[in-house]
1. Can you name the number of the only condition in (1) in contact with a helix residue (DSSP H, G or I) (Cβ under 7 Å, 6 or more places away or on another chain); (2) at pLDDT below 95; (3) within 29 Å of Leu2 (Cβ to Cβ) that Leu73 fails?
2. If you take just the strands (runs of 3 or more DSSP E) that sit entirely in the chain, which of them hold at least 1 residues that are open to solvent by 60 Å² or more (accessible area, probe 1.4 Å) and not acidic (Asp, Glu)?
3. Looking only at the range 18-69, count every residue that is polar (S, T, N, Q) and out of contact with any helix residue (DSSP H, G or I) (no Cβ under 6 Å at 6 or more places or on another chain) and tell me the total.
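The values are calculated or read from the model by the stated rules, or taken from the named source; none is laboratory data. Bear in mind that the values here come from a model prediction, so they are computed numbers and not experimental data. Heads up, the Cβs are rebuilt from the backbone with ideal geometry, glycines too, and the neighbour counts pull from every protein chain shown. The area values use the complete protein model at the heavy-atom level, side chains included, leaving out ligands, DNA and RNA. Shrake-Rupley method; radii C 1.70, N 1.55, O 1.52, S 1.80 Å.
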Amino acid sequence: HLHRCAGYVPPDAVDSMAGVRLVRGGRLGMIGNFPPLVRRAREAGMDVCVVERKSHMLREEVGLCISRDPQVLAGCEEIIVTGATLINDSLDAMLPSCRDARRVVLLGPTAG
């Protein structure tokens, strides 16, 4: 409704990652773990840093850090944020941790 009132037509999505580029040697951040996207980014040669609330998903290995600490996002060029942050009311608290990013993208079925 707001888009229509403002005359704004959002661009079509080019892929499931909202145009986030997977660049070898890059550093991708995520707020919320998207395992298929983590896998794609790792296969492309990127380091991935994830902030995750679910304790069974927490782990650290070379090129991958899944942590509760939002400071792991420092230095990430692009950050993908799950739309669930809107539902669990954590988006505002997470955004300051995204200050180093060139782009922050809100994704997922709950983003709509």
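1. Result: Leu73 passes all but (2).
2. Working: elements: 27-31, 47-51, 59-61, 64-67, 78-82, 103-107.
Here the list reads 27-31, 59-61, 103-107.
3. First, pick out the residues of the range 18-69 that are polar (S, T, N, Q): 33, 55, 67.
Of the ones still in play, those that are also out of contact with any helix residue (DSSP H, G or I) (no Cβ under 6 Å at 6 or more places or on another chain) are 55, 67.
Of the residues in that region, 2 qualify.
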